[in-house]
């Protein structure tokens, strides 16, 4: 039988929601169109404690929301092709030799050109890799399109679920008059987890790649 622990209509939901989120031990999934930077810190803290943290949100360009996404995304330089140390040393020698003697002999000018080319070839090759601080599969940002906008507010905390009007934002949780139901039922939690994972497929929501999110944030 479903046990509704509490249904609350109030202006301040911090004790009702945030305190329970802080107590998550195994799972913390957040579905909210907007997120405040202050609450991202809680998610990162829970992730470091070993909690399965996942975020499902939108590509809204509200400044505070973008700041939140910026806390979750980073760009990493990954070595794609190691350079050649000996070739690099040879290129430096040829470049220096060609630079010093090029005025005296066109042959040494050729040394200069070859040295520069070898130096370019011998360098390490890097590529950009886009990461989420909560893990590779933790961040789901959906593109907002007419008739296809993620507007649900769902909080899955371990084996409990919170459903209502509350966004994961400071304004919504602290200032707005909102409604929220806290349901402690494992079967409902597991059912919602499946629904959340299939948001894109079931409702035609297009998930952004981490690279696209980084572009939205202006990360290079």
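Can you pull the one-decimal nm distance between simple spin-label points at residue 49 and residue 76, each 7 Å off the Cα toward Cβ?
Each label point is offset 7 Å from its Cα along the Cβ direction, giving 2.5 nm.
Counting other beta carbons within 10 Å of each Cβ, put 34, 182 in order, fewest first.
Taking fewest neighbouring Cβ atoms as first place, the list is 34, 182.
From the Cα gyration tensor of region 178-220, with a ≥ b ≥ c the square roots of its eigenvalues, which class applies: rounded if a/c is under 1.5, or else prolate if a/b is larger than b/c, or else oblate?
prolate
Laboratory data are not the source of any read-out in this text; all were calculated from the coordinates shown. Keep in mind that what you see is a predicted model, and the values were worked out from it rather than measured. Positions of Cβ are generated from backbone atoms using ideal geometry, with glycine treated the same way; all protein chains shown enter the neighbour counts.
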